[in-house]
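First up is the structure itself, then whatever we jot down about it.
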């Protein structure tokens, strides 16, 4: 193999590996079918929700609220990609947001696909939909 072909192959592999790594990091949630249609779910298949009281990429759900609505946590070195962003919580920990809206699961959802939190608190909680 010539030097230029070797360099081209190395470059192509590097680009492909970077794209795969970005794709894996870019989607902290996946889409699943629920009784209320397609929604985002976490790695365990638990439905994800947004909260109307959150604003400008800031979580308003702390303390007892976060015990009932656990945030979709992100690692300290998580990076935003596309519609997925990282929000710093009041305690300094990181959580994922979709289109600027922080994401949570609901304590009363006991199995994958449950959607018990949709419309909770006079409609303030909503399923996170793609």
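The values are calculated or read from the model by the stated rules, or taken from the named source; none is laboratory data. The model shown is predicted, which means the values in this text are computed figures rather than measured ones. Virtual Cβ from ideal backbone geometry, glycine too; neighbours counted across all protein chains shown.
Things worth noting here:
- For region 37-58, a residue qualifies if it is assigned to a loop (DSSP other than H, G, I, E, B) and at pLDDT below 95, and the qualifying residues are 56, 57.
- Test: residue 97 is under 16 Å from residue 129 (Cα atoms), within 11 Å of the chain's Cα centre (by Cα) and modelled with pLDDT under 95: no
- Residue in region 49-65 that is nearest to residue 116 (Cα to Cα), counting only those that are without any contact (Cβ under 8 Å) to a residue 12 or more places away in the chain and touching a strand residue (DSSP E or B) at 6+ places or on another chain (Cβ under 9 Å): 65
- Residue count for region 80-109, restricted to those that are surrounded by 17 or more Cβ atoms within 10 Å (Cβ to Cβ), touching a residue at least 40 places away in the same chain (Cβ under 8 Å) and under 18 Å from residue 67 (Cβ atoms): 6
- Residues that are touching a strand residue (DSSP E or B) at 6+ places or on another chain (Cβ under 8 Å), assigned to a strand (DSSP E or B) and under 18 Å from residue 128 (Cα atoms) within region 76-94 comprise 84, 85, 86, 87, listed in sequence order.
- The condition of being over 14 Å from the mean Cα position of the chain (by Cα), surrounded by fewer than 21 Cβ atoms within 10 Å (Cβ to Cβ) and on the phi > 0 side of the Ramachandran plot holds for only one of 112, 60, 56, that being 56.
- Scanning region 63-75 for residues that are surrounded by 13 or more Cβ atoms within 10 Å (Cβ to Cβ) and in a loop (DSSP other than H, G, I, E, B) returns 69, 70, 72.
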